[in-house]
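Just so it is clear, none of the values below were taken in a lab; they were calculated from the coordinates. Treat the numbers as computed from the prediction; the structure is a model and nothing was measured. All Cβ positions, even for glycine, are placed from backbone atoms using ideal geometry, and neighbour counts span all protein chains on display.
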Amino acid sequence: MKLRTKKESKIKKVLVFLVLSIIVICSAGLLAQQTIYKIQELNQTKSELNLLQLDKTNLEKEAEEVKNKEEDLKNKVAELERKLEEVIKDNPEVTIDPEEANKKYAYLTFDDGPSRNTVKILDFLKANGIKATFFVVGDPAQEHIYRRIFDEGHTLAVHSYTHKFNEIYKSVESFMADIHQLSDLIQNITGVKPTLMRFAGGSNNSVSKRYNRTDIMPEIIAKVKEEGFIYYDWNVDSMDAAKSNQDVQVIIDSVLEGAKDKNHAFILMHDAAVKATTVEALPQIIEGLKKQGFIFKEITPEVAPVQFR
Ligand SMILES: [Zn+2]
């Protein structure tokens, strides 16, 4: 009997020990698990913090850039004001009309016509009482179109007779021959010698480098100026030439976005058979520009040109 009790109490002790051990092991396991979760959580927070830090650094950099730009623009404005004052001082007879200075002008320009779209463009401009500028190419069969452009009060200006880059930009002579051919054609039709022009590809084109290895544009520019031409590049690109059949909305958005910070918007568009979407974009372009406060005008020699160089 005594022996049994002893044995029983031993078993009890072992059992208690086992139970206690299990409890201790389980608690340790639980604690370990919790610690792992905590570490994972901490790691996550750490990587989030790193990302935030990176964002902060980037934003600080951006802020610094904006500040520098603002400083730069302020300096430019001050410089322009200084120049303006000098000009006013040197030319006391010239008065500046502040009302005129605040006006916004949009110069719609159509390159490469006449085309089968010219009549549509002219009809639209007529219906809306808007004058524009046509930088044309040479096509004697389209005499009536040149005449209509001229008669309806638009500016008929020189672009290129052949528009063949590989021929006109071969030399100064070949360029001038092409320009004269077109200028003569226009003069024969309208009786007026055109004085405004736009270079095929713009005045900053580097086409001539392909043929001559040197840039002959400065020479060509000097020559056309010497002959009394004024050339106009553009400061708003409708992007209608970026693709053969550009999306109408892209054309509208490009013009309205490009013009919004300008007081004198020289808008590059194309009058070509494949540019039907340019014609389709016109109503919304006009509406949008009017909303931005623009007045439409054709380019005349009095209009200070925008030039890439
Ligand atoms: Zn062109």
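Using +1 at the C-beta of Lys and Arg and -1 at the C-beta of Asp and Glu, which of PHE229, ALA272, PRO92 has the Cα lying farthest in the positive direction of the dipole of the chain?
About the Cα centre, the residue reaching furthest to the positive side is ALA272.
Give the residue from ALA63, LEU108, THR45 lying farthest towards the positive end of the charge dipole for the chain; charges sit on Cβ (+1 for Lys and Arg, -1 for Asp and Glu) and the dipole is referred to the Cα centre.
Most positive-ward Cα: THR45.
For region 1-75, what mean projected area does the convex hull of the alpha carbons give, in nm²?
Computed as one quarter of the Cα hull surface, the answer is 5.3 nm².
If contacts are Cα pairs under 8 angstrom and at least 6 residues apart, what is the relative contact order of the chain in percent?
RCO, the chain: 21 percent.
Hey, how many Å between the Cα centroid of region 234-309 and the Cα centroid of region 6-42?
Value for the Cα centre distance between the two parts: 80 Å.
Which one of ILE23, THR162, ILE286 is farthest out on the positive end of the charge dipole of the chain, using unit charges on Cβ (Lys, Arg +1; Asp, Glu -1) and the Cα centre as origin?
About the Cα centre, the residue reaching furthest to the positive side is ILE23.
Sort 199-205, 209-215 by the packing proxy (mean of other Cβ within 10 Å over each peptide's residues), most packed first.
In decreasing order of mean packing, 199-205, 209-215 become 199-205, 209-215.
Across 10 Å bins from 0, what is the distribution of all Cα-Cα pair distances for region 103-181, in whole percents?
Each 10 Å bin holds this share of Cα pairs: 17, 46, 26, 10, 1.
Quick one: give the max-minus-min coordinate of the C-alpha atoms of region 34-164 along each principal axis, largest first, in Å.
Principal-axis extents of region 34-164 (Cα, largest first): 89, 50, 33 Å.
Under unit Cβ charges (Lys, Arg +1; Asp, Glu -1), what dipole magnitude, rounded to 20 debye, does region 1-75 have relative to its Cα centre?
Charge dipole, region 1-75, about its Cα centre: 1900 debye, nearest 20.
Using mean Cβ contacts within 10 Å as the protection proxy, how do 97-103, 283-289, 270-276 order, highest first?
Sorting 97-103, 283-289, 270-276 by mean packing, highest first, produces 270-276, 283-289, 97-103.
About the Cα centre, and with charges only on the beta carbon of Lys, Arg (+1) and Asp, Glu (-1), how big is the dipole of region 104-296? Nearest 20 debye, please.
Using only the charged Cβ atoms, the result is roughly 180 debye.
I'd like the projected area of region 104-296, averaged over all directions, using the convex hull of its alpha carbons. Report it in nm² with one decimal.
The directionally averaged projection comes out at 10.4 nm².
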